[in-house]
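Contents: one structure, followed by commentary.
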Amino acid sequence: MGRRGLAGLIVAAAVLAALAPGAAAQPIVVEGVGAHAVIERSPLRISFQDEHGRTVLRQARGEGPLAVPPVPEPQPGGADLLDAPALYAPFPFLVGARSSVEIPATQWVGNLLTGVEGGVAHSARDVLAVERAGDGVRLTVSTTDPSRRLLVEVAPGAPGTMRVSAKVTPDDGVVTLGDAFVSRAGEAFRGFGGRHNALDQRGEDFVNWVAQQNVGAGPLEPIVAALPGTGGDRYMFPNGPHGAFHVQSQFISSSGYGFLLDRDELSSWRMASDRDDAWQVSAAAPAVDYLVAPGEPSEAIGSLTAVGGRHRVPPSWALGPQLDRLTRFGTETEASYKASVEQDLRDIERFDLPLSAYRIEAWRYYEPAQLERVIDRLHARGIRALLYFRAFVGTDEIGTDDPAEFDEALSKRYVATTPGGLPYVFIGNFFGPTALIDFTDPAARRWWTRRVQAALDLGADGFMQDFGEQVLSGMRFHDGSTGAEMHNRYPVLFHRITREAVEEWEAEHPGRDVWFFTRAGYSGTPGSAAHEGGNFPGDETTDWSRSSGLASLATDMLNRAVGGAYGYGTDIGGYFDFHTPPTTKELFIRWAEWAVLSPLMRLHGSINAGTHTPWSFDAQTVAIYNRLSRLRLEAAPYIEEAWREAAATGVPPTRPLWLAFPGDPEAARQDQQWMLGDDVLVAPVVEEGARSRRVYFPAGCWEHPETGERFEGTGYARVAAPLGRLPYFFACGETPF
């Protein structure tokens, strides 16, 4: 008999015992593979145990009702000054009203402007009835609202996890349902996707809502950082320090478990923020679903990412240096863009730039036969060709799309609609009429598949898949979803449909291995990481800031990595330069150093300055960048092997030091260093003007492969880092590359 079958017998025995005379005081035990749940009946309280019977997570004790006044969340502008009271009790739910307001147009379309909810919070009380449900149990539970019950299911999930689902009945007037848990002193909460603010969200409260273009305050940062509730130097506009393109409703706890909220609606999280002995999550729905994965961090990461998805191993060429030729909004023409591509082809050869892939962003400026010839020329030089796709159709003429496809998509209703069934047209990022493609519509999916496959037929080896954050609550979709239900789910669906189109094409073209990378993302079972080839972080500012510039990258990369989205590739030099200075030579070189030992290395550019290239600066920059590119090519096989390990185990190629060196509290504080695989410590310079940096060396002996300097851990040392020298270190005795 397998372990799953044995678990079923144990559950059956537990249910029979629960129904037997005199069983009212006995807890109900649900056994899974490597995870168990113990359910106390009166009052209801669920505990989760690991395979050794150690309790790692337990619902908080408490009871409603609690009056909740309407307090804005999030607060406009990204400050956090007010908090409504929260009920810390099993399955708290709010009976009342809630509403959200999104930014309706332009650069931040789809981002939350604000929201408000209020009413009376209730919670679970006693288990009234128990019945078997598959390998688990179904409970009927009384609540502090005499007119309502909770229906709760607890069952083994995928190996290493327990799944809990609950819903309120009747659900009229119920606007949120969640759960609350005890938090141990000093418990760390790590993950949550591409967050810039910290590697540990303890003490933080925030909402999970996929957002675009959250940027730091630029030259106003000293003023903004001094204001209460902004998050200091981590502040970003418009959604504050927690805003992210790639959001994960999951985390890894230092107390021996992982947690994944398996809901798409807006969710609110209080991570030991208003009280230090408990944390709470709630979803904007009358139902909640979540997974608990007991185990130490690497084990919990493996269990959750096996369900939620991991970035697949890319073709080897995608791990080499890449260059994007972006299009400049408002100033680019077909002639100027084509001239830039031609100049790039000459300069790549002239400066002997090591290059594995080149992306033609404004590829729609070319006739198909012209584009084929350009791709052929790249292939002749051993360079793969990448193109560009986005989640919407628009009337802009910047070479990334054909405005005629806007007319076709609207006329055939391939786009999200209004509640009345008309195409939902909004003013998008490029300041023209825009409509979001409806990937729930089978006809729209077939249309999208034809577009992707036609580009691959031209010889493209892959593409950037941009956007996915623009769903508004007023939109409606072919499958009946509202915009509020679809907003976080949309990038998952977007990337899944594209992956299916690519795999169908690859099956018809043996030997072709397509790779694409994305911007927006969300978690789930599976989430977007299961379909993506990699991510770019999205529109970093061209500065050194901790909020959205160079110093924001490590936290972003490491937070999403532990959730399976570890294929991270930044825009070298930064992108968003509306309110920050143009990228300087120093910033460009330090950014390239940062990227060389990250999962992906990619030159991009900024909105106003255009594509960043080494020859945009001077001969020294070219020499340094080419040397870094050669280092990248030497390291690529090692990175690929670490990626293969990640695809098998979930443990990412780039590892936060808290994961690589458990039990070392000083290592856990490092948010500007990482381990690449098992043997390489990376500590890039992220401060302007610095020619050295203070490096924390964890236990062991570490050697700089370029200088031969050796350092002993545990402890700090000041390491010389002249411009062009990346502080990185091999474990002594190892030669990874």
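The values are calculated or read from the model by the stated rules, or taken from the named source; none is laboratory data. Because the structure is a prediction, the values reported are computed rather than measured. Cβ coordinates were reconstructed from backbone atoms using ideal geometry, including for glycine residues, and neighbour counts include every protein chain displayed. Side chains included, ligands, DNA and RNA excluded: accessible areas come from the protein's heavy atoms. Shrake-Rupley method; radii C 1.70, N 1.55, O 1.52, S 1.80 Å.
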Tilt relative to the chain, helix 334-350 - C-alpha long axis, 0 to 90 degrees, to 10: 80
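Using a Förster distance of 41 Å, how high is the FRET efficiency between E706 and V116, based on the Cβ-Cβ distance and rounded to 0.05?
On the way: r = 56 Å, r/R0 = 1.36.
That pair, E706 with V116, gives E of 0.15.
Assign unit charges at the C-beta atoms only (+1 for Lys and Arg, -1 for Asp and Glu), then state the dipole size of the chain relative to its Cα centre in Debye, rounded to the nearest 20. Numbers along the way, then the final one.
Values: 66 positive and 92 negative charges, 179 e Å.
Magnitude of the dipole: close to 860 debye.
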Segment 595-713 - convex hull of alpha carbons, volume per residue in Å³: 144
Proximal charge balance of F711 [Cβ under 11 Å; K/R count +1, D/E count -1]: -1
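Which percentage, to the nearest 5, of the DSSP beta bridges contained in the chain is antiparallel?
Numbers: 122 of 146 bridges.
Counting DSSP beta bridges with both partners in the chain, the antiparallel share is about 85 percent.
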On Cα atoms only, tilt of 585-596 relative to the major axis of the chain in degrees: 60
Euclidean distance between Cα centres, segment 160-189 to segment 298-353, Å: 40
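Largest first and in whole Å, what are the equivalent-ellipsoid semi-axes of segment 23-134 based on the Cα gyration tensor, each being the root of 5 times an eigenvalue?
On the way: eigenvalues 275, 69, 33 Å².
Ellipsoid semi-axes (Å, largest first): 37, 19, 13.
Report the gain in length on full extension from A97 to A648: 0.36 nm times residue separation, minus Cα-Cα distance, nm rounded to one decimal. Don't jump to the answer; show the numbers that get you there.
On the way: separation 551, 0.36 × 551 = 198.36 nm, distance 4.47 nm.
Roughly 193.9 nm would be gained on extension.
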Fraction of accessible area attributable to carbon and sulfur, segment 51-126 (%, probe 1.4 Å): 60
Inter-probe distance in nm under a simple model that places probes 7 Å from Cα toward Cβ, at T140 and E504: 4.7
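Send over a whole-number figure in Å² for the accessible area per residue of segment 53-129, probe 1.4 Å. All intermediate terms of the calculation are to be shown ahead of the outcome.
Numbers: 3110 Å² over 77 residues.
Accessible area per residue, segment 53-129: 40 Å².
What number comes out for accessible area per residue over segment 431-548 if the probe is 1.4 Å? Units Å², please.
On a per-residue basis, 26 Å².
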Helix 3-19 vs. the chain, principal-axis angle (Cα, 0 to 90°, nearest 10): 30
Alpha carbon centroid spacing (whole Å) that separates segment 563-593 from segment 694-737: 24
Peptide ranges 33-40, 301-308, 693-700 listed from the most packed, as the mean C-beta count within 10 angstrom indicates: 301-308, 33-40, 693-700
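On full extension of the chain, what length is gained from Q26 through D126, given 0.36 nm per residue of separation minus the C-alpha to C-alpha distance?
Values: separation 100, 0.36 × 100 = 36.00 nm, distance 1.30 nm.
Gain on extension, Q26 to D126, equals 34.7 nm.
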Packing-based ranking, highest mean first, of 68-76, 373-381 given that Cβ atoms within 10 Å are counted: 68-76, 373-381
Global form of segment 564-650, assessed from the alpha-carbon gyration tensor, a/c cut-off 1.5: oblate
